[in-house]
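Undergrad: So that we are looking at the same thing, I have put the structure below in structure tokens.
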Amino acid sequence: MSPFRLSKNAAELAAHMKGYLEYINSQGNFYTDFPMEYRDCGFEEGWIEFTHKASGFDSNRYGTVHGGVLGLFLDTAMGLAAYETGTGNSAPTMDLHTTYLRPMRPGDELVIRAEVMSAGKRTCMLRAFVIVDGDIKVMATSTCRIYSDTTPKDQALSK
């Protein structure tokens with residue numbers, strides 16, 4: 001059985017992720033400036049990938065991609081993967097541990113990969129990576145709290 005229980009198959013998961021990312025990118029929040037695109041998933045293995053083309057907007061004063069931007073991508077990818085486990089209606093982050101290994105620069109194509117390590121009724125443990133040209137640049141782990149007694153305020157999020 002796949003860890004992505006909200007979706008019935010990889011094609012359905014891909015369609016859901018594409019639709020969700022289009023929705024959040026259109027809302028006029030920070031995702032408008034830091035768009036992620038769905039890339040691929042390993043439906044049975046429990047991983048999902050997104051991409052982001054780094055720009056000058058993402059950079060810090062040293063000309064490298066800001067760690068907070070990378071944290072946003074990692075947290076978002078792991079949160080979406082936790083939500084897709086289907087064990088609850090929301091999956092906020094309880095903790096996020098990030099290790100920055102190498103800098104990235106504007107123009108780099110970032111691949112953000114989130115993997116479900118364990119999913120229970122109350123918590124989901126994940127790991128994620130930012131990869132550029134096959135090299136891991138950042139790695140992270142996260143624990144998400146699973147709430148099954150909440151309903152998303154915006155029904156577009158529950159589709």
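Undergrad: What tally of residues in the range 80-116 results from selecting those that are under 18 Å from residue 13 (Cβ atoms) and touching a Leu at 6+ places or on another chain (Cβ under 8 Å)?
TA: Of the residues in that region, 10 qualify.
Undergrad: Another question about this same structure. Does residue 57 count as surrounded by 15 or more Cβ atoms within 10 Å (Cβ to Cβ), hydrophobic (A, V, I, L, M, F, W, C) and in contact (Cβ under 8 Å) with a residue 12 or more places away in the chain?
TA: no
Undergrad: Okay, moving on. Residue 5 is checked against (1) over 15 Å from the mean Cα position of the chain (by Cα); (2) at pLDDT 95 or above and fails just one. What number does that condition carry?
TA: So the condition that residue 5 fails would be (2).
Undergrad: Say whether the condition of being in a loop (DSSP other than H, G, I, E, B) and farther than 27 Å from residue 133 by Cβ is met by at least one residue in the range 60-72.
TA: Checked against the condition, which is being in a loop (DSSP other than H, G, I, E, B) and farther than 27 Å from residue 133 by Cβ, the range 60-72 yields no hits at all.
Undergrad: Now for a different question. Considering only the range 23-53, state which residues are farther than 23 Å from residue 2 by Cβ, in contact (Cβ under 8 Å) with a residue 24 or more places away in the chain and out of contact with any helix residue (DSSP H, G or I) (no Cβ under 8 Å at 6 or more places or on another chain).
TA: Within the range 23-53, 53 is the sole residue that qualifies.
Undergrad: Search the range 119-151 for residues being of a type in the set (Ser, Thr, Tyr) and modelled with pLDDT under 95, and hand back the single one that is nearest to the chain's Cα centre (by Cα).
TA: 123
Undergrad: Next question, about the same structure. Taking residue 71, is it more than 14 Å from the chain's Cα centre (by Cα) and either in contact (Cβ under 8 Å) with a residue 24 or more places away in the chain or under 20 Å from residue 16 (Cβ atoms) (or both)?
TA: no
Undergrad: Exactly one condition in (1) at pLDDT 95 or above; (2) surrounded by fewer than 20 Cβ atoms within 10 Å (Cβ to Cβ); (3) in contact with a strand residue (DSSP E or B) (Cβ under 6 Å, 6 or more places away or on another chain) is false for residue 105; which is it?
TA: The failed condition is (3).
Undergrad: Also: Among the residues of the range 108-153, what is the count of those that are assigned to a loop (DSSP other than H, G, I, E, B), surrounded by 14 or more Cβ atoms within 10 Å (Cβ to Cβ) and acidic (Asp, Glu)?
TA: So the count comes out to 1.
Undergrad: Could you list all residues from the range 11-37 that are buried (at least 16 other Cβ atoms within 10 Å of the Cβ) and either modelled with pLDDT of 95 or more or among the aliphatic types (A, V, I, L, M) (or both)?
TA: 13, 14, 17, 21, 24, 36
Undergrad: Also, quick follow-up: Of the residues 88, 71, 67, which single one is surrounded by 15 or more Cβ atoms within 10 Å (Cβ to Cβ), touching a Ser or Thr at 6+ places or on another chain (Cβ under 9 Å) and modelled with pLDDT of 95 or more?
TA: Criteria check complete, one pass: 71.
The values are calculated or read from the model by the stated rules, or taken from the named source; none is laboratory data. The structure presented is a predicted model; accordingly, all values stated were derived computationally and were not measured. Cβ atoms come from the backbone with ideal geometry, glycine included; neighbour counts cover every protein chain shown.
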